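**Student:** Following this message is one structure expressed as C-alpha cells.
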Amino acid sequence: MNQVKIERVNSLLEKEISTILMMEVKDPDIRFVTVTKVSTTNDLSYAKVYVTVMRDDKKEETLKALKDAKGFIRKELMDRVELRHIPELQFIYDDSIAYGQKIESIIDELHEEEKKDESNE
C-alpha cells in the first residue's frame, strides 16, 4: 500500500484515538494516557498504538484498562473514520520518553563533571 496513505491513516487514527480516550472513555485508569504514535501494517489490518501514562506506577493497570476498552475504541473509530476496515488495535507502552529523559540526565551529569574539572584547574 502507498506509504503516504499509511502515514495519513496513522495520523488520523492517532488523533481520533486520543480524542476518544480523552472524551469518551469513562475508566479513570485511562484518564491520563497520551497517544504518542500509531503504526499500522501495510494492509491496515493491525495498528500498534504507542501510549505513555502520567504516573509510571499505574502503567500495568492502564495497559489492562486499554486492552479492556479496545472494543469500545474500535467501535467509536468505525463511527468517526471513513475506512473500509478498522484495524485491530494493540496498545504498547512507549518508553522512548523515559529513555530520552535518562539520556538527558546522563548528559547533564557529564556537563557538571566537566564544569568541576575546569574549575579545579
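The values are calculated or read from the model by the stated rules, or taken from the named source; none is laboratory data. Remember, it's a predicted structure, so these values are computed and weren't measured experimentally. Using ideal geometry, Cβ is built from the backbone for each residue, glycine included, and neighbour counts are taken over all protein chains shown.
**Student:** Anything in the stretch 1-21 that is touching a Leu at 6+ places or on another chain (Cβ under 9 Å) and of a type in the set (A, V, I, L, M, F, W, C)? List them, or say none.
**Tutor:** The answer is Met1, Ile6, Val9, Leu12, Leu13, Ile17, Ile20, Leu21.
**Student:** Considering every residue within the stretch 30-40, establish whether at least one is touching a Phe, Trp or Tyr at 6+ places or on another chain (Cβ under 9 Å), in a loop (DSSP other than H, G, I, E, B) and either surrounded by fewer than 16 Cβ atoms within 10 Å (Cβ to Cβ) or not hydrophobic (A, V, I, L, M, F, W, C) (or both).
**Tutor:** no
**Student:** Take the conditions modelled with pLDDT under 90 and crowded, with 18+ Cβ neighbours inside 10 Å and apply them to Val25. Does it pass?
**Tutor:** Spelling it out, Val25 is indeed modelled with pLDDT under 90 and crowded, with 18+ Cβ neighbours inside 10 Å.
**Student:** Scan Lys48, Lys58, Lys75 and give me the residue that is under 18 Å from the mean Cα position of the chain (by Cα), modelled with pLDDT of 85 or more and charged (D, E, K, R).
**Tutor:** It is Lys48.
**Student:** Follow-up. Residues Leu77, Leu66: which one is in contact with a helix residue (DSSP H, G or I) (Cβ under 9 Å, 6 or more places away or on another chain), over 21 Å from Ile97 (Cα atoms) and not in a strand (DSSP E or B)?
**Tutor:** Answer to the check: Leu77.
**Student:** Please count how many residues of the stretch 62-121 are surrounded by fewer than 10 Cβ atoms within 10 Å (Cβ to Cβ) and in contact (Cβ under 8 Å) with a residue 40 or more places away in the chain.
**Tutor:** 1
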